[in-house]
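First comes the structure, then the notes that go with it.
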Amino acid sequence: MYDTCMAFGGESAPVRVDELSIPGPANPIGARHYWPAGTDPAPALVYFHGGGYVMGDLDCYDALCRLICREAGVHVISVDYRLAPAHKAPAAVDDCYAAYRWVTEHAAELGARPDRIAVGGDSAGGGLAAVVSRLTRDDGGPLPVLQLLLYPWTDMRTPSRSRTLFADGFVLCQHDIDWCADQYLDGSGIEDTDPRVAPMRAKSVAGLPPALVFTAGFDPLRDEGNRYAAAMAEAGVPVDLRQLGSLMHGFANFNALGGGCSRGIADMVSALTAHLRRG
C-alpha cells in the first residue's frame, strides 16, 4: 500500500500554522490550523486525511493542506483522528464529527466565516467527510457548505469493475483495501454495510450538502466514487463530479511528481475555490 508519508507532497507553502487540541469523545483530538493571508474572515475546510483508517497523520498531509490554504485562500483545519487497529470503528467517525462541530462553534475565534465551512478528505477521509455530512443532516446541525470528496472510499467490500481492473499494481491494491477494512472493522461489532463506514449504504442521501467529487481513472475506488456522486445527484444534491482519467489513487499526495498529478491538484484547488467563494 502507498505510504501517505511519502515525500511527494512538494514544497511546503509558507503559511501561518497553529496546533489545536479539540475536545473529543474519548480523548482530545489533535488538529492543525492553516491560516490564509489577509485579515477578513474566510471560508474554512475541515480536512480528514486518507490512509485506510490505519495510516496517516497531520505531518503526512502538511504540504497538501498548506497548498490548499494558500492557493484557495481558505482556512484549513486538518484533523488527527484516532486510527485502527488500536481504535476500531466508529472511532474515526466520532472524532471527525466532533471536530467538525467544534469548528462550527468556534469559527469566529478561528477567523473563519461561520456560514462557509466545508468538509473534505481523500480516500478513507473522503468517506469520513461523507459520513460527517450525513450525520450533521440527521441531527439538524449546521450543514457543511460543501463536501470535497477526493477518490472517496464509500463502500467497504462491495466488488466493482474498477476494483477488478486495478486490483494490483496501481498504487492502491485490492489486498490493501481488504486489509484496512479488517483492521478497522474486525472486533468492532459494526458490519461492513453500516453507513457509518460505508456511506454508499445509507438509506437516503437526499438533503446532503453540495458535493465536489474527484475520482481517478486508474483507481480501484473509481467506480464507487462515481456511483456515490450519481446517487447524490439522483437524490437532488448538487454534484460537481470530475473524473481525472489519467491519474491514480492518491494523486493529491504526489504534487512533487509534477505532470498530471500537479494538474489534478491545481484543478481541485481551483474548483474548491470557486465553490467556496460563491457565497
Each residue of the stretch 39-46 in turn: what ³J(HN,Hα) in whole Hz from Karplus with 6.51, -1.76, 1.60 and θ = phi - 60°, glycine and Pro shown as x?
-> 10, 6, x, 10, x, 10, 10, 8
Counting sequence-distant residues (5 or more places) and residues on other chains, those with an amide H built under 5 Å from that of Leu244 are Thr215, Ala216, Gly217
For the stretch 215-279, what does the alpha-carbon gyration tensor say about shape, rounded, prolate or oblate, given a ≥ b ≥ c as the root eigenvalues, a/c under 1.5 as rounded, and a/b over b/c as prolate?
-> oblate
Among (i) 21.8; (ii) 22.3; (iii) 18.2, the entry that matches Kirkwood radius over Cα pairs in Å as calculated here = (iii)
Under DSSP H, which helices of the chain have Cα atoms covering 24 Å or more of the helix axis and a Kyte-Doolittle average no less than -0.5?
-> 259-276
Built amide H within the under 5 Å cut-off of Ile29, gap 5+ | Ile22, Gly24
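Would you mind counting up the charge near Ala211? Only other residues with Cβ under 15 Å from its Cβ, with Lys and Arg at +1 and Asp and Glu at -1. Please list the in-between numbers first.
Values: positive: Arg134, Arg137, Arg227, Arg242, Arg278; negative: Asp122, Glu224, Glu234, Asp240.
Neighbourhood net charge equals +1.
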Expressed as a whole number of Å, what is the distance separating the alpha-carbon centroids of the stretch 57-81 and the stretch 136-165?
-> 20 Å
Roughly speaking, what is the centre-to-centre gap between the stretch 83-120 and the stretch 256-279 when only Cα atoms are used, to the nearest Å?
-> 22 Å
Total formal charge among the other residues, if their Cβ is under 13 angstrom from that of Met268, Lys/Arg +1 and Asp/Glu -1 = -2
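Please give the peptides 204-213, 142-151 ranked by average Cβ packing (other Cβ atoms within 10 Å per residue), highest first, as a rough proxy for protection. Can you show the working numbers first?
On the way: 204-213: 19.5, 142-151: 24.8.
So the order, starting with the most tightly packed, is 142-151, 204-213.
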In terms of the alpha carbon gyration tensor, root eigenvalues a ≥ b ≥ c, rounded if a/c is under 1.5 and otherwise prolate when a/b exceeds b/c or oblate, the stretch 46-152 is oblate
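From the mean inverse distance of alpha carbon pairs (Kirkwood) and the Cα radius of gyration, derive Rg over Rh for the stretch 106-243.
Values: Rg = 15.2 Å, Rh = 15.4 Å.
Expressed as Rg/Rh, it is 0.99.
Read the figures in this text as sums done on the coordinates, not as results from a lab. Keep in mind that what you see is a predicted model, and the values were worked out from it rather than measured. Every residue, glycine among them, receives a Cβ derived from its backbone with ideal geometry; neighbour counts consider all protein chains shown.
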